[in-house]
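No lab work stands behind these numbers, since they all come straight from the coordinates. These numbers were taken from a predicted model, which means no experiment stands behind them. FYI the Cβ positions are ideal-geometry reconstructions off the backbone, even for glycines, and counts take in every protein chain you see.
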């Protein structure tokens, strides 16, 4: 299993399902795969990992390839995306440690078997301040929340964090292939 195999699957299925829009291999590698792996820059995924609004499996599937010691739950309500993730997880040999959930997160967390996660991430589920507040309910005390945001959202997110039971573990600044300023901020939840 490799990220190159995942890119092959993305390109193949994107041709008919438009999972990620028009992208070439190089752009996928940089803006999707490498970007996804930046989520682990401060704290590697561990224990039970939740990827909310996973779309085409981002960042969850690249993280599952790179960090095999964790168990991943990818929550995405859109059927064609969950079908793709299920096929990709199977073909990449990840089915034993990747669960694809075809539900809205609000419904998923209501199930009787639900329990909070150790490590929670999302690339584009909802506005960053809303995600940080919501993620507290999905994260175990002592667990980590990963915010993947545009630089423009950083100030409001840091301001909100002062009011929440989170400690900033680290921030990394970088740019997309198109020069967009991005940030990864890692939080520790201490209820």
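Quick notes on this one:
- Here the translational diffusion coefficient of the range 59-141 follows from Stokes-Einstein with Rh set to the Kirkwood radius across Cα pairs; for 4 °C and 1.567 mPa s it amounts to 96 µm²/s.
- With helices as the sole contributors, the chain gives -9000 deg cm²/dmol at 222 nm; each DSSP H run of n ≥ 4 counts as -39500 (n - 2.57), and the sum is divided by every residue.
- Counting only DSSP beta bridges whose two residues both lie in the range 90-185, roughly 65 percent are antiparallel.
- Put in line by how crowded their Cβ is, counting other Cβ atoms within 10 Å and starting with the fewest, 123, 38 read 38, 123.
- Ranking of 109, 120 by neighbouring Cβ atoms within 10 Å, starting from the fewest: 109, 120.
- Spin-label zone in the range 2-17 - amide nitrogen under 20 Å from a point set 7 Å from the Cα of residue 24 along the C-beta vector: 4-16
- Panel order for 85, 172, by other beta carbons found within 10 Å of each beta carbon, from fewest to most: 172, 85.
- Rounded if a/c under 1.5, otherwise prolate or oblate - the range 86-191, Cα gyration tensor axes: oblate
- Semi-axes of the equivalent ellipsoid for the range 8-50, Cα gyration tensor, largest first, Å: 25, 13, 7
- Of interest is the spacing of the C-alpha centroids, which for the range 1-52 and the range 57-133 amounts to 13 Å.
- Projected over every direction and averaged, the convex hull enclosing the alpha-carbon atoms of the range 3-141 yields 8.0 nm².
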